[in-house]
Amino acid sequence: MKLIIDDAHIDQIKEIYEFYPVDGVTTNPTILAKSGRKPYDVLKEIRAFIGKEAELHVQVVAKDAAGMVEDAHRILEELGKNTYVKIPSVPEGFKAMKMLSKEGVNLTATAIYTPMQAFLAAKAGASYAAPYINRIDNMGYDGVAIAQHIHDIFRKNNLNAEVLAASFKNSQQMLDLAEYGVGAATASPDVIFALVKNEAITSAINVFISDFEKLVGVGKTMKDC
Ligand code: G3P
């Protein structure tokens with residue numbers, strides 16, 4: 001399962017890239033608005049930092065298929081042909097996906113709450129389908145189970161698409177999907193920073209260090225003895 005950062009704050013993206021094994025960046029219009037910067041300024045800075053080959057997912061904003069296609073062309077022009085264009089999984093979006101997939105554009109179907117949306121998006125040419133795990137949970141359904149259903153539907157229908165699960169609130173939701181082998185998960189920096197945050201881990205490491213320092217001296221490590 002790929003691990004992707006769902007954010008557009010370059011400082012946080014840099015910090016996560018330094019410490020975590022991540023595979024790219026996803027954004028949406030709300031995330032771009034939170035950055036407070038001009039969309040293509042921030043997106044170009046992200047692209048320059050993560051590199052030309054890394055996955056960058058950028059969403060169209062137009063409501064109709066023709067406008068979505070225009071948005072997609074501008075996104076690719078500004079950010080590179082391998083950029084994944086995110087398109088909402090609604091009828092106008094399916095129409096745009098069909099048009100863009102014929103051009104070979106990488107597509108991520110987004111705003112997915114039901115397996116049927118994902119099924120239709122994959123048939124329309126999307127490479128990824130992004131179910132919103134936590135938002136589905138908050139509606140009283142099981143977001144993880146829906147992502148798993150989508151994964152199974154893709155496999156059983158030989159669809160060339162993967163789940164890119166989004167909208168996480170905790171590490172267990174991500175772990176459940178890693179265990180199931182879905183293609184990718186994208187999470188906000190606060191969720192990523194909390195993936196391995198546990199007093200027991202910190203305490204175990206501190207005991208190792210203090211025991212060793214008792215043996216060879218404070219501040220000493222394996223290189224010093
Ligand atoms: O792109 C969709 C995803 O970012 C939604 O996440 O946390 O706003 O539910 P969230």
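Observations, loosely collected:
- Residue match in segment 51-61 (condition: more than 18 Å from the chain's Cα centre (by Cα) and either closer than 22 Å to residue 167 by Cα or modelled with pLDDT of 95 or more (or both)): yes
- Out of 72, 96, 122, 118, sole residue that is touching a strand residue (DSSP E or B) at 6+ places or on another chain (Cβ under 8 Å) and within 16 Å of the ligand (Cβ to nearest atom): 118
- Residue within segment 132-139 that is in a strand (DSSP E or B), within 11 Å of the ligand (Cβ to nearest atom) and touching a helix residue (DSSP H, G or I) at 6+ places or on another chain (Cβ under 9 Å) present: yes
- Residue that is surrounded by the most Cβ atoms within 10 Å (Cβ to Cβ) [pool: residues in segment 102-128 that are small (Gly, Ala, Ser), in contact with a Leu (Cβ under 9 Å, 6 or more places away or on another chain) and in a loop (DSSP other than H, G, I, E, B)]: 126
- Consider segment 131-146 and keep the residues that are under 20 Å from residue 156 (Cβ atoms) and surrounded by 19 or more Cβ atoms within 10 Å (Cβ to Cβ). The one that is nearest to the chain's Cα centre (by Cα) is 131.
- Of all residues making up segment 174-204, the number that are modelled with pLDDT of 95 or more and β-branched (Val, Ile, Thr): 4
- Count of segment 163-207 residues, restricted to those that are within 16 Å of the ligand (Cβ to nearest atom), in contact (Cβ under 8 Å) with a residue 12 or more places away in the chain and either exposed (fewer than 15 other Cβ atoms within 10 Å of the Cβ) or not in a helix (DSSP H, G or I) (or both), is 17.
- No other residue among 8, 72 is within 20 Å of the chain's Cα centre (by Cα), of a type in the set (A, V, I, L, M) and in a loop (DSSP other than H, G, I, E, B) apart from 8.
- A residue that is more than 16 Å from the ligand (Cβ to nearest atom), assigned to a helix (DSSP H, G or I) and under 25 Å from residue 150 (Cα atoms) occurs nowhere in segment 33-49.
- The selection criterion, being over 26 Å from residue 74 (Cα atoms), at pLDDT 95 or above and either crowded, with 22+ Cβ neighbours inside 10 Å or not assigned by TED's automatic domain parsing to the domain that holds residue 43 (or both), does not hold for residue 87.
The values are calculated or read from the model by the stated rules, or taken from the named source; none is laboratory data. A quick note: this is a predicted structure, and the numbers were derived from the prediction, not measured. With ideal geometry, Cβ positions are generated from the backbone for all residues, glycine too; neighbour counts draw on all protein chains shown.
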